[in-house]
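Asker: Supplied in structure tokens, the structure appears directly below.
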Amino acid sequence: MEEKIAHKRLLKQHCEQVFMQRITITQQAMDDAQAAANQESKSSVGDKYETARAMSHMEKDMHARQLLAHQQDLHAIRAINVQSIYHTPAAGAFVRSTTTNFFIGAGLGKQVINGEPVIFLSPVSPLAQQLMQKKVGDEFEFKGKNRITDVY
């Protein structure tokens, strides 16, 4: 049991690291866009200057939206409990099936953790919602027929 909880803690930490890395990269991109806007110098062609500044501001706004989304994702994964052993799929559960492993916590897609492929699902994703209706032994559709062999 302790081994299973440790495994889920590792998966959660991986999610947190990915989101913190995304936050850092997005913050840098925002800073770069702001610096680009600040460096635009007034040329004899005023429209070109205004267009370049507007584009830099639009880029900064786009990165600001991404930053907010990454911060929300980080907050959501931090709120997930991986200290419990689940008997049915839920947020914070690891689900092993006949062909694939899933961690319901954050929508990161397929990642390889310690040589083991794991599909990270957001708890609100359609596949996670489908899995949450199942238990060990139940079948579900994911790239063909699958059967849940373990949940914790």
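Asker: Determine which single condition Ile77 fails, assuming it passes every other condition in (1) buried (at least 20 other Cβ atoms within 10 Å of the Cβ); (2) part of a loop (DSSP other than H, G, I, E, B); (3) out of contact with any strand residue (DSSP E or B) (no Cβ under 8 Å at 6 or more places or on another chain).
Answerer: Checking Ile77 against (1) buried (at least 20 other Cβ atoms within 10 Å of the Cβ); (2) part of a loop (DSSP other than H, G, I, E, B); (3) out of contact with any strand residue (DSSP E or B) (no Cβ under 8 Å at 6 or more places or on another chain), the one that fails is (2).
Asker: Can you tell me which residue within the range 58-68, out of those that are aliphatic (A, V, I, L, M) and loosely packed, with under 13 Cβ neighbours inside 10 Å, is modelled with the highest pLDDT?
Answerer: Kept after step one, since they are aliphatic (A, V, I, L, M), are these residues of the range 58-68: 58, 62, 64, 67-68.
This time we only want the ones that are loosely packed, with under 13 Cβ neighbours inside 10 Å, so: 58, 68.
Numbers: Met58: 90, Leu68: 96.
By that ranking, first place goes to Leu68.
Asker: Also, quick follow-up: Given the structure, is Arg96 modelled with pLDDT of 95 or more, more than 13 Å from Leu10 (Cα to Cα), outside any loop (DSSP other than H, G, I, E, B) and out of contact with any His (no Cβ under 7 Å at 6 or more places or on another chain)?
Answerer: Yes; evaluated as a whole, the condition is true for this residue.
Asker: Here is a further query. Please work out which one of (1) modelled with pLDDT under 95; (2) under 18 Å from the mean Cα position of the chain (by Cα); (3) not in a helix (DSSP H, G or I) is the condition Val82 fails and give its number.
Answerer: (1)
Asker: Here is a further query. When Lys60 is evaluated against the numbered criteria (1) in the same structural domain as Phe19 (by TED's automatic domain parsing); (2) part of a strand (DSSP E or B), which criterion, by number, is the only one it fails?
Answerer: Evaluating Lys60 over (1) in the same structural domain as Phe19 (by TED's automatic domain parsing); (2) part of a strand (DSSP E or B) leaves (2) as the failure.
Asker: Continuing with the same structure: Quick one: in the range 10-57, which of the residues that are hydroxyl-bearing (Ser, Thr, Tyr) and crowded, with 17+ Cβ neighbours inside 10 Å is modelled with the highest pLDDT?
Answerer: Within the range 10-57, the first condition is being hydroxyl-bearing (Ser, Thr, Tyr), and the residues that meet it are 24, 26, 41, 43-44, 49, 51, 56.
When the remaining residues are screened for being crowded, with 17+ Cβ neighbours inside 10 Å, the result is 26, 56.
Working: Thr26: 97, Ser56: 81.
Of everything passing the filter in the range 10-57, Thr26 is modelled with the highest pLDDT.
Asker: Return yes when Ser84 is touching a helix residue (DSSP H, G or I) at 6+ places or on another chain (Cβ under 7 Å) and hydroxyl-bearing (Ser, Thr, Tyr) and no when it is not. Outline the logic, then answer.
Answerer: On the way: touching a helix residue (DSSP H, G or I) at 6+ places or on another chain (Cβ under 7 Å): no; hydroxyl-bearing (Ser, Thr, Tyr): yes.
So Ser84 fails the test.
Asker: Does Leu68 satisfy being part of a helix (DSSP H, G or I) and in contact (Cβ under 8 Å) with a residue 24 or more places away in the chain? Explain how you work it out, then say what you get.
Answerer: Numbers: part of a helix (DSSP H, G or I): yes; in contact (Cβ under 8 Å) with a residue 24 or more places away in the chain: no.
No: the conditions fail for Leu68.
Asker: Check whether at least one residue in the range 38-49 is charged (D, E, K, R) and in contact with a Leu (Cβ under 7 Å, 6 or more places away or on another chain), and report yes or no.
Answerer: Our first condition is that a residue be charged (D, E, K, R); within the range 38-49, this holds for 40, 42, 47-48.
From the residues that got through so far, the ones that are in contact with a Leu (Cβ under 7 Å, 6 or more places away or on another chain) too are none.
Within the range 38-49, not a single residue is charged (D, E, K, R) and in contact with a Leu (Cβ under 7 Å, 6 or more places away or on another chain).
Asker: Follow-up question, since we're still on this one. Which members of the range 85-116 meet the condition of being polar (S, T, N, Q), surrounded by 13 or more Cβ atoms within 10 Å (Cβ to Cβ) and either free of Cβ contacts under 8 Å to residues at least 60 places away in the same chain or assigned by TED's automatic domain parsing to the domain that holds Gln72 (or both)?
Answerer: Within the range 85-116, the first condition is being polar (S, T, N, Q), and the residues that meet it are 88, 97-101, 111, 114.
Checking the rest, the ones that are also surrounded by 13 or more Cβ atoms within 10 Å (Cβ to Cβ) come to 88, 97, 100-101, 111.
Of everything in the range 85-116, those that are polar (S, T, N, Q), surrounded by 13 or more Cβ atoms within 10 Å (Cβ to Cβ) and either free of Cβ contacts under 8 Å to residues at least 60 places away in the same chain or assigned by TED's automatic domain parsing to the domain that holds Gln72 (or both) turn out to be Ser97, Thr100, Asn101.
The values are calculated or read from the model by the stated rules, or taken from the named source; none is laboratory data. All of these numbers come straight from a predicted model, not from anything done at the bench. Backbone-built Cβ (ideal geometry, glycine too); neighbour counts: all protein chains shown.
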